[in-house]
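Notes for the one structure printed next.
The values are calculated or read from the model by the stated rules, or taken from the named source; none is laboratory data. None of these values were measured; they are calculated from a predicted model. All Cβ positions, even for glycine, are placed from backbone atoms using ideal geometry, and neighbour counts span all protein chains on display. When the accessible area is computed, the model is the full protein with side chains, heavy atoms only, and any ligands, DNA or RNA have been set aside. Shrake-Rupley method; radii C 1.70, N 1.55, O 1.52, S 1.80 Å.
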Amino acid sequence: MEIIKTEIQDLLIIKPRVFEDDRGYFFESYNRQNFLAQGIEATFVQDNESRSMKSVLRGLHFQKPPFSQGKLVRVMRGSVLDVAVDLRRNSPTFGKWASIVLTDKNKWMYWIPEGFAHGFLTLEDNTVFFYKCTSVYNRDAEGSIRWDDPTLNIDWGKFEKPILSDKDMNAPLFSDFVRDRKSVV
C-alpha cells in the first residue's frame, strides 16, 4: 500500500497493492495493522454503500462531535470526483478543500479524518460508492454545507446540472458554518 499526503494535513490518498492476472484481480482494501503502521489509528464501526446515476452530487456532509466521523472511501463501480473540506477550526488549512478522482479501475481510497465535510460527484451511471466510518450516523449531529459555496469555490469540473437531494440543495453556506460557533467540528 502506498500512502500519498495531500496539501491538507491528515487527508490521505491510499493506493492499494493490486494483484492482477487473467482471472481478475485481488487487493486488500483494509488491514488494520497496515493502517496503524501508516499512522491511521481508525476504528471502523459502520460501513455505507450508495449507487448513483451520472451527475448525482452528494454532499458536503459532516457529523458534529461527539459523532464526528473519519471515513475511508472508495469506488467499487464507476467513478467519482471526491471532495473533502477542512472544517477543523484550529487547522492552518481551515476552509480549504482537496479533491481526487476515484474509480473502479484505479482502486484508490481516500482517508478523510474527523473534522472534514465530504461530498462526491458521480462521473458515470450506476456508480457504487463505499465507505467505512469511525462513528455511527446520528441524525441530530448531521451538518452540511452547500456544494457550490462561493467562499469555498470548489472546482467540480465541467458537468451537466447536478442531481441533488432537497437537503443538499438547501444546505447552509460556509459563512453560516463559520459564524455558528456551536458548529465545532
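Projecting each Cα onto the charge dipole of the stretch 1-83 (Lys/Arg +1, Asp/Glu -1 at the beta carbon, about the Cα centre), which of Asn31, Val56, Leu72 comes out farthest on the positive side?
Val56
Averaged across orientations, what area in nm² does the convex hull of the alpha carbons in the chain project?
Numbers: hull surface 43.5 nm².
Averaged projected area of the chain's Cα convex hull equals 10.9 nm².
Under a 1.4 Å probe, what is the accessible area of the chain per residue, stated in Å²? Each step should come with its number before you reach the end.
On the way: 10200 Å² over 185 residues.
Heavy-atom SASA per residue in the chain reads 55 Å².
With an 8 Å cut-off on Cα pairs and a minimum separation of 6 or more residues, tell me the relative contact order of the stretch 1-144 in percent.
Numbers: 331 pairs, mean separation 50.2, N = 144.
Reported as a whole number, the value is 35 percent.
Expressed as a whole percentage, what fraction of the accessible surface of the chain belongs to carbon and sulfur atoms when a 1.4 Å probe is rolled over the protein heavy atoms?
On the way: 4800 of 10200 Å².
For the chain, the apolar C and S fraction of the accessible surface comes to 47 percent.
Can you check what the net charge comes to around Asp125, using other residues whose Cβ is under 14 Å from the Cβ of Asp125 (Lys, Arg +1; Asp, Glu -1)? Intermediate values should be presented prior to the final figure.
Working: positive: Arg51, Lys54, Arg77; negative: Asp104, Glu124, Glu160.
Around Asp125, the charge tally is 0.
Ordered by residue, what ³J(HN,Hα) values in Hz, to whole numbers, does the stretch 125-137 give under the Karplus form 6.51 cos²θ - 1.76 cosθ + 1.60, where θ = phi - 60° and Gly and Pro are x?
5, 6, 6, 10, 10, 10, 8, 9, 10, 8, 9, 6, 5
Where does each of Asp148, Asp125 land when they are ordered by accessible area, with a 1.4 Å probe and the largest first?
Details: Asp148 65, Asp125 90 Å².
Heavy-atom accessible area, descending, gives Asp125, Asp148.
For the chain, set up a GNM with springs between Cα atoms under 10 Å and report which of Trp97, Trp147, Trp156 has the largest fluctuation.
Trp156
Pick from Ala37, Ala141, Ala117 the residue whose mean-square fluctuation is largest in a GNM of the chain, springs joining Cα atoms under 10 Å.
Maximum fluctuation in the GNM of the chain, among the listed residues, is at Ala37.
Excluding Thr43 itself, what net charge comes from residues whose Cβ is under 15 Å from its Cβ, given Lys and Arg +1 and Asp and Glu -1?
Values: positive: Arg32, Lys71, Lys132; negative: Glu41, Asp47, Glu114.
Its environment carries a net charge of 0.
At 1.4 Å probe size, what's the solvent-accessible area of Met1? Round to the nearest 10 Å².
Ignoring ligands and nucleic acids, Met1 comes out at about 80 Å².
Taking only C-alpha pairs under 8 Å that are 6+ residues apart, what is the relative contact order of the stretch 120-174 in percent?
Working: 24 pairs, mean separation 24.6, N = 55.
45 percent.
Between the stretch 1-68 and the stretch 78-150, how far is it from one alpha carbon centroid to the other, in angstrom?
10
Assigning unit charges at the beta carbon (Lys, Arg +1; Asp, Glu -1) and nothing else, what dipole magnitude in debye, to the nearest 20, does the chain show about its Cα centre? Provide the component values of the computation, followed by the final result.
Working: 26 positive and 26 negative charges, 58 e Å.
Once rounded to the nearest 20, the dipole reads 280 debye.
Starting from the Kirkwood radius over alpha-carbon pairs of the stretch 116-166, derive D by Stokes-Einstein at 4 °C in a medium of 1.567 mPa s and give it in µm² s⁻¹.
The estimated diffusion coefficient comes to 94 µm²/s.
Which whole-number percent gives the relative contact order of the stretch 63-155, counting Cα pairs below 8 Å spaced six or more residues apart? Don't skip to the end; give the middle numbers.
Values: 181 pairs, mean separation 39.0, N = 93.
The normalised contact order for the stretch 63-155 reaches 42 percent.
How large is the accessible surface of Thr151 in square angstrom, using a 1.4 angstrom probe and rounding to the nearest 10?
100
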